[in-house]
Amino acid sequence: MSLFKPVGEKDVTRAIVRGFLRQLDEYAENDVTIVGGGPAGLMAGRELARQGFKTLVIERMNYLGGGFWIGGYLMNKATFREPSQEVLDELQVPYEKVSDGLYVADAPHACARLIAAAADEGVKFSNMTVVEDVILHNGRVAGVVVNWMPVTKLPREITCLDPVGFQAKLVIDATGHDASIVKALERRGLLRVPGMGAMWVERSEDAVVEHTGEIFPGLLVAGMSVAEAYGLPRMGPTFGAMLLSGKRAAEIAAEILTGARLV
Ligand code: 48H
């Protein structure tokens, strides 16, 4: 008498294939495609999905969380400046006060809670998927062009493989330092991307949240890609601006999608 119910290999295979294809079919067209599953992208996704928007996070790695698992310098503590600890309260992440206005948390705990919070609200994830380019319709970003991550790493001679497109009402570039989506527009001469400035914690976090928003019709920026896109100073391993920028991007996206903001 075995503990587990009898299930064949074919049943396991079919469960994965059918579940995956159903999601791919459903999300080939969505409200918001967020590129990058780091803290900014996950936060934006959580906020949008909880308001009922059909939200897809595309992540090239086989895991989510981006740079949020490790605080900095190979040490897994993450810091947060006031008022961003309020997001930790909301996500039920334990933290300690270090000094006036500065808090520290276990990065893996904060990251795991944020991933779970996004999933709980209904965000769908497409891992091992690289966004290579944008879809442009009448001068507006209308989606993304994707391929499998391993395909992009194969030699050109054996991979003459076209990508596919996902259509979205809005796209959020939350690709961190890569700023992959704004750079796709720069390659076409549609934007200029100065790259982030030198470290200045005091200035950078406010600036990143303030500059979060629609950088090109149909495209928003959140997180470190904001610093890259606008040449803002970097903040090093403190994550409050990533969370608040993600929230801000979601607020602006929701206003655009509901017609509350003039585009
Ligand atoms: C699919 C892609 C693509 C692509 C990239 O780096 P992240 O953690 O980004 P943020 O902005 O959420 O957080 C930044 C933070 O981690 C950090 O680095 C800080 C605060 N630095 C300060 C400083 O001074 O350096 O996550 C981005 C995610 C990653 O998981 C990438 O794998 C993914 O985006 N990604 N996914 N297609 N083209 N490009």
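The values are calculated or read from the model by the stated rules, or taken from the named source; none is laboratory data. Owing to the predicted nature of the structure, the values given are computational and were not obtained by experimental measurement. Virtual Cβ from ideal backbone geometry, glycine too; neighbours counted across all protein chains shown. Just the protein is used for accessible areas: all its heavy atoms, side chains included, with ligands, DNA and RNA removed. Shrake-Rupley method; radii C 1.70, N 1.55, O 1.52, S 1.80 Å.
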Residue list for segment 215-263, restricted to those being away from the ligand (no atom under 13 Å from the Cβ) and in contact with a strand residue (DSSP E or B) (Cβ under 7 Å, 6 or more places away or on another chain): 215, 216, 217, 218, 219, 231, 252, 253, 256, 257
The residue from 105, 78 that alone is more than 28 Å from residue 169 (Cα to Cα), hydrophobic (A, V, I, L, M, F, W, C), over 19 Å from the mean Cα position of the chain (by Cα) and open to solvent by less than 70 Å² (accessible area, probe 1.4 Å) is 105
Hey, does segment 64-78 have a residue that's away from the ligand (no atom under 12 Å from the Cβ), in contact with a strand residue (DSSP E or B) (Cβ under 7 Å, 6 or more places away or on another chain) and not in a helix (DSSP H, G or I)? yes
Given the conditions (1) within 20 Å of residue 71 (Cβ to Cβ); (2) among the hydrophobic types (A, V, I, L, M, F, W, C); (3) in contact with a Leu (Cβ under 8 Å, 6 or more places away or on another chain), every one holds for residue 199 apart from (3)
Selection count where residues are in contact with a helix residue (DSSP H, G or I) (Cβ under 7 Å, 6 or more places away or on another chain), open to solvent by less than 20 Å² (accessible area, probe 1.4 Å) and away from the ligand (no atom under 12 Å from the Cβ), scope segment 167-192: 1
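For segment 95-108, indicate whether the set of residues that are in a helix (DSSP H, G or I) and within 13 Å of the ligand (Cβ to nearest atom) is non-empty. Working first, answer last.
First pass over segment 95-108, keeping only residues in a helix (DSSP H, G or I): 107-108.
Okay, now just the ones that are also within 13 Å of the ligand (Cβ to nearest atom), so 107.
Taking every residue of segment 95-108 in turn, at least one turns out to be in a helix (DSSP H, G or I) and within 13 Å of the ligand (Cβ to nearest atom).
Here's the yes/no breakdown for (1) in contact (Cβ under 8 Å) with a residue 24 or more places away in the chain; (2) open to solvent by 60 Å² or more (accessible area, probe 1.4 Å); (3) small (Gly, Ala, Ser):
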site	(1), (2), (3)
210	no, yes, no
215	yes, no, no
223	yes, no, yes
235	yes, no, no
247	yes, no, no
